[in-house]
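**Q** Have a look at this one.
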Amino acid sequence: MAFFTPLTFAQWLAIGIEAYEAAAGQPAYTGPGSTTGALGNGVANQCLQLQQQLLYLAAIARLATIPALASGAPSPDTISFAAPFGIAPLGAVAAGGAVFLFQTASPVSGGPLIIPVGGVAQTPGGLQFVVVADPTNASYSLADGGYPINNGDSSTTVTMYCITPGSIGNLAADTTLTPYNAAGGPQIVGIQSISNTAALTNGLDGETDVAFKARFTITVSSGRSGTANAIIGAVLETGTGII
């Protein structure tokens with residue numbers, strides 16, 4: 001470390017004894033039971049403690065000197081620096097939910113029409129959303145492996161999430177999607193229209209370098225000991241976009 005050279009206990013003790021002898025004008029007795037020896041040991045231990053705090057502060061301060069990636073995300077050096085502290089950047093969150101309405105041209109007959117888990121639909125701009133299993137969606141059927149449109153019905157509400165995580169997946173309500181049936185993948189057939197009945201706003205970008213370093217500083221400043229900063233750090237760790 002350029003600005004500070006750590007010293008050992010013996011070195012701190014020697015410095016203290018030298019200072020004492022220079023001020024007293026006589027040799028210091030530091031043998032067993034001596035007051036001078038006890039004082040010297042106490043001061044040396046305190047110096048070690050302060051030295052460790054300085055080293056810890058310097059190590060944390062170095063994080064600010066690591067540049068971000070061109071995208072504004074934390075660099076691998078930043079991530080590896082924070083890892084021993086148990087702190088990692090928050091990743092992007094994919095937009096989606098149970099808001100996608102699949103409609104047929106006419107009511108289904110001859111058996112249910114299944115919207116399969118793994119099926120993909122895309123927006124006019126090419127943003128792709130995938131059908132996911134969602135037991136909380138009343139339209140989902142584990143036995144059918146997807147979302148059935150039963151005989152006599154012409155629509156069902158499907159849970160889908162953007163394949164690309166981040167705010168890019170946020171959509172205005174009533175965006176039109178079309179099936180994207182890749183070879184070998186689950187096929188979406190028999191559907192006339194797909195649209196989202198509500199706007200998607202839950203897509204979140206990954207934590208930026210600035211936000212990550214700020215959260216790191218807040219978290220380590222308190223040692224996670226129940227202080228205000230510890231509580232703030234714990235809340236910020238639950239997800240991006242929190243103020």
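**Q** Quick check on the range 161-183: of everything there that is of a type in the set (A, V, I, L, M) and in a loop (DSSP other than H, G, I, E, B), which residue is least open to solvent (accessible area, probe 1.4 Å)? First the steps, then the outcome.
**A** Filtering the range 161-183 for residues of a type in the set (A, V, I, L, M) gives 163, 168, 171-173, 177, 182-183.
Okay, now just the ones that are also in a loop (DSSP other than H, G, I, E, B), so 163, 171-173, 182-183.
Numbers: ILE163: 84, LEU171: 24, ALA172: 66, ALA173: 48, ALA182: 45, ALA183: 107 Å².
So, considering only residues that are of a type in the set (A, V, I, L, M) and in a loop (DSSP other than H, G, I, E, B), the one least open to solvent (accessible area, probe 1.4 Å) is LEU171.
**Q** Let me ask another. Could you list, in sequence order, the residues of the range 67-86 that are surrounded by fewer than 17 Cβ atoms within 10 Å (Cβ to Cβ) and either more than 16 Å from GLY206 (Cβ to Cβ) or in contact (Cβ under 8 Å) with a residue 12 or more places away in the chain (or both)?
**A** PRO67, ALA68, LEU69, GLY72, SER75, ASP77, SER80, ALA83, PRO84, PHE85, GLY86
**Q** Only one residue in ALA73, ALA24 is within 40 Å of the chain's Cα centre (by Cα) and small (Gly, Ala, Ser). Which one?
**A** On the way: ALA24 fails: within 40 Å of the chain's Cα centre (by Cα).
Exactly one residue qualifies, and that residue is ALA73.
**Q** Would it be correct to say that GLY145 is open to solvent by less than 50 Å² (accessible area, probe 1.4 Å), within 20 Å of THR159 (Cβ to Cβ), without any contact (Cβ under 8 Å) to a residue 40 or more places away in the chain and not polar (S, T, N, Q)?
**A** Yes; evaluated as a whole, the condition is true for this residue.
**Q** Identify, please: which residue in the range 184-195 is open to solvent by 50 Å² or more (accessible area, probe 1.4 Å) and touching a strand residue (DSSP E or B) at 6+ places or on another chain (Cβ under 6 Å) and is, among those, nearest to GLY239 (Cα to Cα)?
**A** So the residue we want is PRO186.
**Q** Considering only the range 184-210, how many residues are assigned to a loop (DSSP other than H, G, I, E, B) and more than 30 Å from PRO67 (Cα to Cα)?
**A** Selection size over the range 184-210: 14.
**Q** Another question, then. Which residue is nearest to the chain's Cα centre (by Cα), if the candidates are limited to the range 4-21 and must be open to solvent by less than 70 Å² (accessible area, probe 1.4 Å) and over 26 Å from ALA58 (Cβ atoms)?
**A** ILE17
**Q** Considering the range 27-66 alone, what residues qualify as being of a type in the set (Lys, Arg) and surrounded by 16 or more Cβ atoms within 10 Å (Cβ to Cβ)?
**A** Across the range 27-66, there are no qualifying residues.
The values are calculated or read from the model by the stated rules, or taken from the named source; none is laboratory data. Source: prediction; values computed, not measured. Because the Cβ atoms are built from the backbone with ideal geometry, glycine has one as well, and the counts that use them run over all protein chains shown. In case anyone asks, the SASA skips ligands and DNA or RNA and just uses the protein heavy atoms, side chains included. Shrake-Rupley method; radii C 1.70, N 1.55, O 1.52, S 1.80 Å.
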